[in-house]
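S.K.: One structure, pasted below without further comment.
The values are calculated or read from the model by the stated rules, or taken from the named source; none is laboratory data. Just so we're clear, the structure is a prediction, and the values are computed from it rather than from any experiment. Every residue, glycine as well, gets a Cβ built from its backbone with ideal geometry; the counts of neighbours run over all protein chains shown. Side chains are part of the model used for accessible areas, which takes the heavy atoms of the whole protein and leaves out ligands, DNA and RNA. Shrake-Rupley method; radii C 1.70, N 1.55, O 1.52, S 1.80 Å.
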Amino acid sequence: MAPKKQKDASKSRANLADDDALEWLKPRVLIKPDDQDFVPESELDEEVGRILTTINPQWVPVEVAYHYGQNKFITKPKPAFGKAYPLYVYQGTAIRKDSDEAKAQIAAGYGMVGFDDAGPKRAKVKKAAAEEEEEEEPEAEPPPVEEAKPEEEGPAEEEVPEAAEPPPEPDVQDEQEVGNEEVEEPEPEEKPAAVEEEVIVVKPRVRKLANQFNFCERAALTYNFPRRSVETQTIPPPRANFGSTALQCIIFDFYQEDYARKMREKEEEKPKRLRKKKEKHAKSAQQIHDEQLAQRIREAWAILERLVNQNIYDDIAQDYRYWDDPSDEFREGMGSLLPLWRFQFEPMRSHAVCDMQWNPHYQDLFAVAYGSLDFTKQQKEGCVCLYSIKNPAYPEYAVVTESPIICIDVYKETPYLICVGCYDGNVCVYNAQLSLESSYQYKSDSVRDKHSNIVWEVRWGARLIDGEASFFSVSGDGRVVQWAVMPGELRATTIIELRAPAAPVPGPDGTLITVNSCGSSICFHPEKADIFLVGTEDGAIHTCSLKYNRSYVRSCQAHHMPVYRINYNYFNNSIYASCSGDWRVKIWEDGRDEPLFMFELGSPVGDVKWAPYSSTVFAACTADGKVYVFDLNVNKYRPICVQAVVSKKAKKLTRLDFNPKLPVIVCGDTKGTCHVLKLSPNLRVMVKPPKKAQATDQRTLQIIKLDKLLTLVRDPPFTPGVVEEKFEDD
């Protein structure tokens, strides 16, 4: 056995080519011809695209011809057809008979005799008796007749002896005999004076001239039905003579009665089952009257409730209108906040005020969103309320929602529209003019591409091209979505996806997954509607554009913790403030990676807002229950007012907002209470115009004040060569 194993082992891969039995194990060799060109792999892998266009590269727009007299090429003149210009010219195949080409075809034999007329034909010819006598008697066997040539123009004729009776019609055998050109001799009989003689006429077969350029398929020859006129005859409208005084009220009443009659006729035409179903939901006249009466009673009770509350809170109303802190005269550069009203909705005592905003049209009305910021003990429902400082006891409008509300925004063009963002990722639009039974007017629960995480902030944007209103939302799923308020529905469009600076993470199957950054705030540029800022939970602030959604315009690492709010200055659109959970408030300028001002408040900052009346005043609220008011023109390092609004052990301040017209601010806490505070005179000092320019308006003075402040804190421009020259002088 050992020698056999050794013999088998001697067969290696190199010897497989010599073994015919192992031919199937031979490696396959690619055979190439000797004259094949070498093409590199880069050209083989290159994909050559072909573009199909409607332009024919072989079409010559301008034809030229060589002119021997001028010794140059000249442009052929285009045929003139009067005012009409030919779009298509087709050359026909018919020719005239008197043309040279037609004569040449006739001489060649084309078109002389049709194909169906060619071949042997019998014809009967009458002969006189004298001619018959002159003819000699036929021989027993006549000589064979020569075939007619196609070139002969006259047909060949042959005499046939007279028969006693007229011969029968030629059958197939006769035709064959004629084709062989053999004629049998009948028995001679007496000849009458005039007899009819049958003559065989043989016409030449010619080729049919086939037209190769005028072929038409039989299936394409369809029959077009002729047009026919369809006329209808209607009954003419009835006519009557009528005369009366046509007043506007009489015409209106007539149209109302006619419309009601037509609606009754339509109802009678419907099936009974549909009418019964509609009658169940239709309201009777008594129900409509009761609802109108109840609405009038509610309006009367609301007025009466306001009168009673104004009497109860009369001292607070007097302080709000007339009282100013007299200690501001002795404390230059320092101010205070006077607590006025406290607004609270009893069913929402356990909820937090997640967002609030003053109404841009009604200066005494503000909207509040109730939700929960404690995600370990999340509430099951939320609420949208509208409060008025004329009635602190109860909200003017309140709607309980199925999910806690995190953010809110009031539309400036139509202040009764309110968009909200919910904890479950939905966005809703509420109409305060509708009754509470209708609840929300729009909701994104059935919309595709909606948010899959908490909606942290919503902001109304500019109208679309078609005129529809739109708003934007930023969510924890890392997407900024634009919502178009269409008739009866919301449509979502993803504007940009926020990408985290971390590297892609490998998935279970080995694919790299891009990690999205969680958006936490959004703010639009006051003048440029397509520019907006987005704050993320990793502390970055990205400048984005609606016209370019693939990447950021610019980005900077602003904070070390989530950015809670971003707010633009009302007087300088390049200045904005941001606050974060890292206890800091920073003032930024567009185009700079470093902040102009930075303030550390010792507690997470929930909100920051610029004052609408001053270009250097802004306020912030913190989690320890304090409100900070800064005036950069007075002090660039410390706040001019620090006041505790709630106890830091029991409550935390979440949001605040300046009233656009009144000297008050409102701030909310984690127990569902809204506090309205009045600014002391030192916190709302206006700029005095100079003596030489007394007519300068307040806005221009505020812009000048902020520009002077920014020139002090901006870094001086670096001029190359200044430092070196200084050292050389020393």
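S.K.: Go through 262/443; 671/708; 652/688; 450/678; 443/528; 443/626 and tell me which ones have a Cα-Cα distance over 32 Å in this structure.
M.R.: 262/443; 671/708; 652/688; 450/678; 443/626
S.K.: Shifting gears a bit: For residue 673, which sequence-distant residues (separation of 5 or more, or a different chain) have an amide H within less than 5 Å of its own amide H, given hydrogens modelled in the peptide plane?
M.R.: When sequence neighbours closer than 5 places are left aside, the close amide H contacts are 353.
S.K.: Then there's this: Residue 499's amide H: which non-local residues (gap 5+, or another chain) put their own amide H closer than 5 Å, with H modeled 1.01 Å from N in plane and none for Pro or chain starts?
M.R.: When sequence neighbours closer than 5 places are left aside, the close amide H contacts are 517.
S.K.: Sorted by accessible area (1.4 Å probe), largest first, how do 355, 697 line up?
M.R.: Result, largest first: 697, 355.
S.K.: Compute the signed sum of charges (Lys and Arg +1, Asp and Glu -1) over the other residues within less than 11 Å, Cβ to Cβ, of residue 528.
M.R.: Cβ neighbours under 11 Å give a net charge of -2.
S.K.: A further question on this structure: Please list 641-648, 510-517 highest first by mean number of surrounding beta-carbon atoms within 10 Å per residue.
M.R.: So the peptides 641-648, 510-517, ranked by packing, come out 641-648, 510-517.
S.K.: Rounded to the nearest percent, how much of the accessible area of the stretch 590-718 (1.4 Å probe, protein heavy atoms only) is carbon and sulfur? All intermediate terms of the calculation are to be shown ahead of the outcome.
M.R.: Values: 3270 of 6100 Å².
Answer for the stretch 590-718: carbon and sulfur cover 54 percent of the accessible area.
S.K.: Taking a 1.4 Å probe, which of 598, 356 shows the most accessible area, and what order do the others take after it?
M.R.: Descending accessible area places them as 598, 356.
S.K.: Also, I was wondering about something else. Please calculate the 1.4 Å probe accessible area of residue 489, with all protein chains present, and give it to the nearest 10 Å².
M.R.: The value for residue 489 is about 80 Å².
S.K.: Still on this structure, please answer the following. Counting Lys +1, Arg +1, Asp -1, Glu -1, what net charge surrounds residue 516 among other residues with beta carbon under 9 Å of its beta carbon?
M.R.: On the way: positive: 479, 499; negative: 477, 497.
Within the 9 Å Cβ shell, the charges total 0.
S.K.: For the full complex of protein chains and a 1.4 angstrom probe, list 234, 711, 494 by accessible area with the highest value first.
M.R.: So the residues, ranked largest to smallest area, are 234, 711, 494.
S.K.: Give me the net charge of residue 425's neighbourhood, meaning all other residues with Cβ under 15 Å from the Cβ of residue 425; Lys, Arg count +1, Asp, Glu -1.
M.R.: So the environment of residue 425 carries a net charge of -2.
S.K.: Answer rounded, prolate or oblate for the stretch 538-637, using the Cα gyration tensor with square roots of eigenvalues a ≥ b ≥ c: rounded when a/c is under 1.5, else prolate when a/b is larger than b/c, else oblate. Could the numbers behind the result be given before it?
M.R.: On the way: a/c = 2.02, a/b = 1.36, b/c = 1.48.
The shape class here is oblate.
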